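None of the figures in this text is laboratory data; all of them are computed from the coordinates on show. Note that this is a predicted model, so its numbers are computed, not measured. Quick reminder, even Gly has a Cβ in these numbers, built from the backbone with ideal geometry, and neighbours come from all protein chains shown.
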Amino acid sequence: MVAEAGADAIGLNFVGGPRRIDLAQAEAILSVLPPFVVPVALVTLSGPAAGEINEQVAKLLATRWISCVQVYGEVTSKAIARLVWEGYRPIVPVPVRDVCFAAARPVGVGPAGERGAAAVLLDTHEADKLGGTGRTFVWSWVAQARALGQLQGWPPIILAGGLTPDNVAQAIREAAPYAVDVSSGVESAPGRKDPEKVRRFVEEARRARSDAGT
């Protein structure tokens, strides 16, 4: 349904919460996913080595040639480097607390030209949650950080946190992200996506990008 609405990517949540799926559900989703729609696996890094993906999940990702992984848990520069060496494209969440969120480089974002995170995902900071807060932050903070040169050398930015069909266009105009991420903002209940909200969200996001000429 999400693919038919025109989304460029979908998320497969292996981390937790009401949207977590098991391997069988992931297989069922992937078996009907159209080509050119990118599956992104949300995974927890743990283990004795430099932050590893669960063995069974890693096997599924390899079998299905899934390289984009949004990482949680033991996320270190060493873990990100290991994932890149193994052929993954890590997406590193960055909690946004205030206007100074970009004062320090995120984990996995090194000097220009150094292979690391494929993207960073900006989400509203909430102490007791890994992500999926359903709360917005001040989008103009991204534009301010960009104007100050603090985002120089960063990989593409994915904007998350409280986005809905009603505010995504404004968020794109203010923050100018590479992509936007949504979950609770297009649901009728936790974990249950609403087809009409999904359709409207995609339409509003694409219209905003088109209006901006990007």
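Evaluated with a Cβ-only charge set (Lys, Arg +1; Asp, Glu -1), the chain carries a dipole of roughly 240 debye about its Cα centre, given to the nearest 20.
Applied to region 195-200, the Karplus parametrisation 6.51 cos²θ - 1.76 cosθ + 1.60 on θ = phi - 60° returns per-residue 3J(HN,Hα) values of x, 5, 5, 4, 4, 5 Hz, with x for Gly and Pro. Ranked by the mean number of other Cβ atoms within 10 Å of their residues, highest first, the peptides 102-110, 24-32, 58-66 come out as 102-110, 58-66, 24-32. Net charge within 10 Å of R173 by Cβ-Cβ distance, Lys/Arg positive one each and Asp/Glu negative one each, not counting R173 itself? Residues close to R173 contribute a combined charge of -1. With Rh defined as the Kirkwood radius, the inverse of the mean 1/r over Cα pairs, the Rg/Rh of region 1-95 is 0.96.
Using alpha-carbon pairs under 8 Å, 6+ residues apart, how would you state the relative contact order of the chain in percent? Averaging sequence separation for qualifying contacts and normalising by length gives 15 percent for the chain.
Panel note: the C-alpha atoms of the chain, placed on their principal axes, show extents of 42, 41, 33 Å (largest first).
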